[in-house]
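The structure under discussion appears below in the form of structure tokens.
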Amino acid sequence: MNRLLVPLAGLFILFSSSVSAVHAETVSEEQPSWSIAIHGGAGTLNRDRITPEKDAEIRAALNKALEAGSKILKEGGNAMDAITETITLLENDPNFNAGKGAVFTWDKTNELDSSIMDGSDLSAGAVAGVMATKNPILLARAVKDNSPHVMLSGKGADQFSREQGLEQVKPDYYATPYRLKQIEDVLAEKVSIADVDYKFGNVGAVAMDSDGNMAAGTSTGGMTGKRWGRIGDSPVIGAGTYADNRSCAISATGAGEYFIRLGVAHEICTRIKMDARAIRDEVQKTVPTDKGGVPENYVDPNRLMLASKDVQKIADDVIAELGQLGGTGGIIFATPWGQAGYSFNTPGMYRGRATSDGAMSVSIYGDEE
Ligand code: ASP
């Protein structure tokens, strides 16, 4: 019952003229009008593995992407545009495992996966195993906006990309010396596939705009040495990406097989939605009724709010379950109440967040905010 008190009190301030003084005293949260969170992968990101130069380079890249998304939101743009722009910038940066800088498959090709979802109408687009589109997030968005489907794969997705007039690149566009060395080490059996990805470097963004609409997107090259057309969680709606205005927007990074099995992104949003409903029911019970049992007013569930610590706990619980299965990685979240944050079970995660109240930060290591 305790965990209902903060949101309950907030609700009374918003809704009820017959505010109980006891409840009103506990009001504590101000809601930002927009928020955004981004990630560039999670993993064994310890200070002794990253040079100061690389550390600075990654932070600059995250800042640039975060600023671009924030600018769109600050100027009244929508969440879909903000995350699309943010992810496009991260795809173009060779530091991350998405677009340029994508990891290599067993056959030394690059096969890219991406997805995007609009929380206002639950429309979604996804692509898997594409090999010629410069920015797979733009292709995922084109699938969402311009096709009757949700998910396209392989040659068909590449064909759709050309038909949509999206920028095409030669196969060697994605390659970087670092990623080539990784696959060569795997093929020479110098390292195992499990060891090479000491960090997952995919990219993602989630946002809420000033109209309360939410969006999520994720883009990746998958896992080094993947074979047989392996597809991870990043293009799977509900696993690596999910957005629903009623609950949250999520983008995941990590060992995709585990995220798919747990349906991580959808699972977190569902738990948030159910908790918000439970709070609504509790509040409704406190509204006076007439003799026939008809309440004086009906509580608007859209204006309910879960406390930040409760949202964080839901995310942490699901990531803990992922860990129990043996999975590593993390997620970023945004909520309809302006909260933006992270949860991960790895030593670090490339991440950043910003909200309309002026807060903005990028972080790498687990001990940072
Ligand atoms: N989640 C991605 C996958 O399993 C990999 C990553 O996070 O980099 O394909």
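Bear in mind that the values in this text are calculations on the coordinates, not laboratory data. Remember, predicted model here, so these are calculated numbers, not experimental data. FYI the Cβ positions are ideal-geometry reconstructions off the backbone, even for glycines, and counts take in every protein chain you see.
Using the Kirkwood radius built from alpha carbon pairs, what does the Stokes-Einstein equation give as D for the chain at 4 °C and 1.567 mPa s, in µm² per second?
Once the numbers are plugged in, D ends up at 62 µm²/s.
Express the relative contact order of the chain as a whole percentage, based on alpha carbon pairs under 8 Å and six or more residues apart in sequence.
Taking the mean separation of contacting Cα pairs over the length of the chain, I get 24 percent.
So for the chain: antiparallel DSSP bridges make up what percent, rounded to the nearest 5?
Approximately 95 percent, going by the DSSP bridge assignments.
Mind checking Rg over Rh on the range 218-369, alpha carbons, Kirkwood formula for Rh?
Computed over Cα atoms, the ratio is 1.08.
Please state the relative contact order of the range 149-302 as a whole percent: Cα pairs under 8 Å, 6+ residues apart?
It comes to 14 percent, rounded to a whole number.
Can you put 228, 34, 106 in order of Cβ neighbours within 10 angstrom, beginning with the fewest?
With the fewest neighbours first, 228, 34, 106 line up as 228, 106, 34.
How large is the charge dipole for the range 26-180, taken about the Cα centre, if only the Cβ atoms of Lys, Arg (+1) and Asp, Glu (-1) carry charge, to the nearest 20 debye?
440 debye
Charges only on Cβ, +1 for Lys and Arg, -1 for Asp and Glu: so what's the dipole of the chain about the Cα centre, in debye to the nearest 20?
Rounded to the nearest 20 debye, it is 520 debye.
Rounded to the nearest 10 degrees, what's the angle between the helix 177-187 long axis and the longest principal axis of the chain, both from Cα atoms, 0 to 90?
With both axes taken from Cα atoms, the answer is about 80 degrees.
I'd like the orientation of helix 136-146 relative to the chain: the angle between its Cα long axis and the longest Cα principal axis, in ° from 0 to 90, rounded to 10.
That helix lies at roughly 60 degrees to the long axis.
Expressed as an acute angle from 0 to 90° and rounded to the nearest 10, what is the orientation of the C-alpha long axis of helix 52-74 relative to the principal long axis of the chain?
Taking Cα atoms only, the helix is inclined about 50 degrees.
Counting each pair of different Cα atoms once, what's the Kirkwood radius of the range 60-123 in Å, rounded to one decimal?
Final number for the Kirkwood radius of the range 60-123 is 13.1 Å.
So how far, in whole Å, is the C-alpha centre of the range 160-177 from the one of the range 230-257?
So the separation of the two Cα centres works out to 24 Å.
Relative to the present Cα-Cα distance, how much length would full extension add between residue 67 and residue 173 at 0.36 nm per residue of separation?
35.6 nm
With +1 on each Lys and Arg Cβ and -1 on each Asp and Glu Cβ, how big is the dipole of the range 295-348 about its Cα centre, in debye rounded to the nearest 20?
The calculation lands at about 160 debye.
I need the peptides 271-283, 134-146, 172-184, 232-244 ranked by packing, meaning the mean over residues of other C-beta atoms within 10 angstrom, with the highest value on top.
Going by the mean number of other Cβ atoms within 10 Å, highest first, we get 232-244, 134-146, 271-283, 172-184.
If I take every Cα pair under 8 Å that is 6 or more residues apart in the range 214-369, average their sequence separation and divide by the length, what percent do I get for the relative contact order?
It comes to 19 percent, rounded to a whole number.
Along its principal axes, what span do the Cα atoms of the range 26-144 show, with the longest given first and each in whole Å?
56, 40, 27
Listed highest first by mean packing, meaning other Cβ atoms within 10 Å per residue, what order do 318-324, 362-368, 219-225, 262-268 come in?
219-225, 262-268, 318-324, 362-368
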